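The structure under discussion appears below in the form of structure tokens.
The values are calculated or read from the model by the stated rules, or taken from the named source; none is laboratory data. Being a predicted model, the structure only gives us computed values, none of them experimental. Note: ideal-geometry Cβ built from the backbone for every residue, glycine included; neighbour counts use all protein chains shown. What goes into the accessible areas is simple: the full protein's heavy atoms, side chains included, and nothing from ligands, DNA or RNA. Shrake-Rupley method; radii C 1.70, N 1.55, O 1.52, S 1.80 Å.
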Amino acid sequence: MVSAGPSAVQRGVVGLAVSAMAVAGCGGGGGGRSAASQDLHVVATTSILGDVVGNVVGGAGRVDTLMEAGIDPHSYRPSAEAARLLGTADLVVANGLQLEETLLDALAAAEQEGAEVLRVADQLDPIPVGATLGDDHADDHADDQGGDRAADQGGDPHGHPPLDPHVWLDPLRMAEAVTLVAEHVARVAPHAAGRVRANAAAYRRQVLSLHEEVQAVLGEIPGGRRLLVTNHDAFGYLAARYELRVVGTVVPGGTTLAETSPRELARLAATIRATGAPAIFTENVAPDRLARTLSGEVGRKVRVVPLYSDALGETGSGADTYLGMLRTDARLIADALGT
């Protein structure tokens, strides 16, 4: 079954965050917004967006990131300090599309306090969750979730799937995101517009170059082995961009908060046997216990390979920047599927 939403504990934390934000917004000094101020303060929600925004802003202002490396955005619990940062930001760069499930109220409160909030994924031609699943496993998941749970994840009560928030796994979309961020920063800080746009142009070139690199690396995988089994449905954009096929996910849907069942795991094991998928890809933000159990049920050797999905890796991991993360994932996927 899919989680029906934040737990009571999570809702309580969000309530604390919103209350703290109201206090911060009423303060008389120290970092409050001012149209006349030459200080630029941008807050990014996820570690991935924090790196992207940091490259765009550069030395033109201060960038704070709410979620550290390795933190799952789906289950992140906002603190009073996070609320304070949101309450003093000129611009908040959020992913959107329900990725930051426990931050929705806090982001709305920040907007009421006067912050501009850019929800990046909403503007990058998002695809539905499950759009790239290549077998009837997607239908099984959809049937089990039901319309109410689809609505909880950002869909609608009629059972239409929510839109996939994991846009950063397509570097061409993220190249557009770089431009979006730069234009929003320029609007809230016109004194820094020239510098920020120059930073964005240089970083955009790096992201476009990364796309070509990832395309070459993943292009090495033989046609019959271009199959992805992942922990949750996070890699749809990567699959669509680079002609991979997602044949199944360990937990249903586009959130790590979902739950699976023995019946679904048995069906996925059968799918892996039928397709010959050589690996199950886990994530740095979620436990791999179910994936390892599934690997043992297939009846042949299936590698369990960790990837970086919803957050950057720790310093020194090779995935501690956005560019490094995608570069590392591409090589791990190619190595696992190519032999």
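Hey, with R₀ at 25 Å, roughly what FRET efficiency would ARG245 and THR293 work out to, going by the Cβ-Cβ distance, to 0.05?
After rounding to 0.05, the efficiency reads 0.60.
Protein chains only, probe 1.4 Å: how do ASP105, ASP39 rank by accessible area, largest first?
Largest accessible area first, the residues go ASP39, ASP105.
For the stretch 161-225, which whole-number percentage of the solvent-accessible area (1.4 Å probe, protein heavy atoms only) is attributable to carbon and sulfur atoms?
Using a 1.4 Å probe with all protein chains present, the stretch 161-225 comes out at 54 percent carbon and sulfur.
How much accessible area per residue does the stretch 159-256 have, in Å², with a 1.4 Å probe?
Per residue, the stretch 159-256 has 35 Å² of solvent-accessible surface.
Under the Karplus relation 6.51 cos²θ - 1.76 cosθ + 1.60, θ = phi - 60°, what is the ordered set of whole-Hz ³J(HN,Hα) values for the stretch 169-179, x standing for Gly and Pro?
7, 10, x, 5, 5, 5, 4, 5, 4, 4, 5
Near the amide H of THR282, under 5 Å away, which other amide H atoms are found, from residues 5 or more places off or on another chain, if H is placed in the peptide plane?
Amide H neighbours of THR282: VAL305, LEU307.
In whole angstrom, how far apart do the alpha carbon centroids of the stretch 173-202 and the stretch 208-235 sit?
First find each Cα centre; the distance between them is then 29 Å.
To the nearest 0.05, what FRET efficiency results for ARG331 and GLN112 with a Förster distance of 45 Å applied to their C-beta separation?
0.55
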